[in-house]
Every structure is written in C-alpha cells, then in structure tokens.
1. Would you check if B:GLU99 is in contact with a strand residue (DSSP E or B) (Cβ under 9 Å, 6 or more places away or on another chain) and acidic (Asp, Glu)?
2. Can you pull out every residue in the stretch B:27-59 that is among the basic types (Lys, Arg) and assigned to a loop (DSSP other than H, G, I, E, B)?
3. Pairs needed: first member in the stretch A:38-58, under 30 Å from B:VAL63 (Cβ atoms); second member anywhere, acidic (Asp, Glu) and modelled with pLDDT of 95 or more; C-beta distance under 6 Å; at least 6 residues apart or different chains.
4. Give the residue that is farthest from the other protein chains (Cβ to nearest Cβ), with candidates limited to residues of the stretch A:60-70 that are out of contact with any Lys or Arg (no Cβ under 7 Å at 6 or more places or on another chain) and in a strand (DSSP E or B).
5. If you check every pair at least six apart or on different chains, which have Cβ atoms under 7 Å apart with a residue in the stretch A:1-20 that is at the interface with chain B (Cβ under 8 Å from one of its Cβ atoms) first and a residue that is charged (D, E, K, R) second?
6. On the basis of being in contact with a Ser or Thr (Cβ under 9 Å, 6 or more places away or on another chain), of a type in the set (Asp, Glu) and either surrounded by fewer than 21 Cβ atoms within 10 Å (Cβ to Cβ) or in contact (Cβ under 8 Å) with a residue 12 or more places away in the chain (or both), does A:ASP77 make the cut?
7. If you check every pair at least six apart or on different chains, which have Cβ atoms under 9 Å apart with a residue in the stretch A:156-178 that is in the same structural domain as A:LEU146 (by TED's automatic domain parsing) and among the β-branched types (Val, Ile, Thr) first and a residue that is assigned to a helix (DSSP H, G or I) and modelled with pLDDT under 95 second?
There are 2 protein chains.
Amino acid sequence: MTITPWKILESQYFRPRFRTDKVELPNGRVFEPIVFEFRSWANVLALTKDQQVVLVRQYRHGVQKVLYEFPGGVIEDGEQPVEGVRRELLEETGYVAAEFIQVGQLYPNPAIQSNNLHFFVALDAEKVGGQHLDEAEDIEVHLVQLDELIAMSRRGEFLHALQVAGLYQALLYLDRIC
Amino acid sequence: MTITPWKILESQYFRPRFRTDKVELPNGRVFEPIVFEFRSWANVLALTKDQQVVLVRQYRHGVQKVLYEFPGGVIEDGEQPVEGVRRELLEETGYVAAEFIQVGQLYPNPAIQSNNLHFFVALDAEKVGGQHLDEAEDIEVHLVQLDELIAMSRRGEFLHALQVAGLYQALLYLDRIC
C-alpha cells in the first residue's frame, strides 16, 4: 500500500494566510481542507553556566491561562531561525547565549498548518539587560534546574504541548532519554 | 509581578468554532485575538505484548507530506477521552488494548486554540480486525520497537510536534527520562 498526496485543484484565501484548497483524493473524492500559512516558530531551552533553564511564564488567551514556556516566538520574514530565536530570547528575558544548537525541526500541526517549529538548545546563557516586550506581552522570567523542569512536567505544570515537544528534542540532544 | 488574564469585552464568530474576542489588556490596550474552538484530541502509544509500538502513517495536507504518528483523533461530543482514543485505535489500526493509562493532558496551541490534547499509553494491544477508515483517510499501520521509535525521532523521522509531546509524556510514564 502506498499513500498518495492529495491533488490541489484550486486554492482560495478567505483571510490573509488562511487558505481553502479544493483537493482531489486518490479515491476521486473532492473536498475542501483549510490551511493556515502561519510564519514558522522557534523556541530555545537556554542553559546558564550553572545549568539552570531560562523559562518564561505568560498568559495564553486560547485557554485563558498563565503557562510556563521556553522563550521564543515567530520568526520574522528574512530572519534565519537561529536569528529569530536569539532575538526572542533577548527581548523576552534579557539573556544572550554563546552557542545555539538546533535540536529539532518539527511540524506544530501538519494537518492544517504549513509552518515549522524550530527548536534550539543554547549554552552558557547569561543576562545582559532587561526585557524589551511588545505592548501585548507581559512575561515573567523564571530560572529552574533541568531536573526541576522534568519534575514540573511530571506534576502537570508544563502544559504547552509544543514546548513539551521541544523539551523532548532537547533531552534527546542532552542524552537524557534512556 | 503578577500576570493578569485579559478581560473579554465581546466575542464574535466569523465561522463556526472560529471566534474573534475583543479584549482589554492590563495596560488598558484593546485588541482582537482569534480563538479556534476545536474539539479536543486524543492519541495513544499502544504497546503490544512483545513491546512493539503501533504507529500510523498518513498524509497531512498542511505540510503536504506523509508522516508517522500515534493512532488517535478528535474526541466526539459525548465521548470521554479514553473512549475516543479506544475508538480511534480500533478504527485506524484494528487494534484493541487491555488497559489505557492517561499520561498527559496538554494544550496543543494555547495561544489560539481552546482545546486539549489527551495522551494515553495502552498495554497488551492486539489486533482483532481490519481498519474502518473515513472516506478521506488512507492510513498505513507500522509496528516498531520503542527504541526504534526513539531512534526515528533522533534521525528526524518523527516530525509531528504534538506526537513528539505525547512520546515525551509516555516516556516519562515508562521511566525512560533520566
């Protein structure tokens, strides 16, 4: 058995970056899936010299809750993923890092989104200044040991699935999956 | 510093389940975020008696690629998450399992979606029949050892971020995070 991609007959935008495709399936059936053409995202597990992880905590309106996450955000047009994540780390936390290693490039929701989620580990992170937040941002910075972050995820205190995926990729890189 | 949730002044639906809120931020600024009220999702890492993982492979139109995933899907109205995931496992793979353990309840995209992602580990899974697929589904079933699944993720062959998050939650439960 081989899986055949769907054939796109027609594409229409009903809002900018929100597309409806008319597609033909291998069985001849036609239907109209939605695709969100979001910009790609990048996040970073930044480790300080004493092996603490730089976390952020912010309000997320989809679930109306305040959640722990890794620093990161949208990669702007013309930026490389590593440039975007370095910028977001500095803006959200005031931290810079000596080295950024890409440890994952995943699809955040491949059924309906076309974008990528880039994930990095940064080493020797250190604070060089304050935050530079957008008007709509209100972000707390928290330092936790990596083991404490794993314990938080065990206790149900690290609930953003895309950040959990990034944690997995970082732990793979750090040889903590056994 | 305390993070204050946004105050919803008004909500409007521009398509069913697609909402625009008019919100007031703690700094007084007003803006209009989108919220997708998707149904919740559930996936399962099902282990057979000989410790193989039941994977599916299917076409995902957002990225126009065929990807490995865990069986699962949308929880229907009136279903408990465990009922939904048991149904999806049977429909997509023909497998049943003796025991389902919930190992995670995450937010797949808490900034813009209100739904949950429920993740389960199932033990003693066995094949009792064929697939029962929707007209739009074309799904291959693959059995792999758990160590091979981890190796696949290391090689960049397990790319669906929400499934990677589920793998992490399963490995936490199975004591494979060290």
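1. Details: in contact with a strand residue (DSSP E or B) (Cβ under 9 Å, 6 or more places away or on another chain): yes; acidic (Asp, Glu): yes.
Here the answer is yes, as B:GLU99 does meet what is asked.
2. Filtering the stretch B:27-59 down to residues among the basic types (Lys, Arg) leaves B:29, B:39, B:49, B:57.
Selection gives B:ARG29, B:ARG39, B:LYS49.
3. These pairs meet every condition: A:VAL56/A:GLU69; A:VAL56/A:GLU92.
4. Kept after step one, since they are out of contact with any Lys or Arg (no Cβ under 7 Å at 6 or more places or on another chain), are these residues of the stretch A:60-70: A:60-65, A:69-70.
Of the ones still in play, those that are also in a strand (DSSP E or B) are A:60, A:65, A:69.
Values: A:ARG60: 4, A:LYS65: 7, A:GLU69: 9 Å.
Filtering first and then ranking leaves A:GLU69.
5. These pairs meet every condition: A:MET1/B:GLU140; A:ILE3/B:ARG57; A:ILE3/B:ASP138; A:ILE3/B:GLU140; A:TRP6/A:GLU24.
6. Working: in contact with a Ser or Thr (Cβ under 9 Å, 6 or more places away or on another chain): no; of a type in the set (Asp, Glu): yes; either surrounded by fewer than 21 Cβ atoms within 10 Å (Cβ to Cβ) or in contact (Cβ under 8 Å) with a residue 12 or more places away in the chain (or both): yes.
Here the answer is no, as A:ASP77 does not meet what is asked.
7. Here the result reads none, with nothing in the stretch A:156-178 linked to a residue that is assigned to a helix (DSSP H, G or I) and modelled with pLDDT under 95.
For (1) free of Cβ contacts under 8 Å to residues at least 40 places away in the same chain; (2) within 14 Å of the chain's Cα centre (by Cα); (3) exposed (fewer than 15 other Cβ atoms within 10 Å of the Cβ), each residue gets a yes or a no:
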position: A:LEU89; (1), (2), (3): no, yes, no
position: A:VAL103; (1), (2), (3): no, yes, no
position: A:ASN116; (1), (2), (3): no, yes, no
position: A:VAL128; (1), (2), (3): yes, no, yes
position: A:ILE139; (1), (2), (3): no, no, no
position: A:ILE150; (1), (2), (3): yes, no, no
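The values are calculated or read from the model by the stated rules, or taken from the named source; none is laboratory data. Please read all numbers here as calculations on a predicted model, not as lab measurements. Glycine gets a Cβ as well: all are built from the backbone with ideal geometry, and neighbour counts include every protein chain shown.
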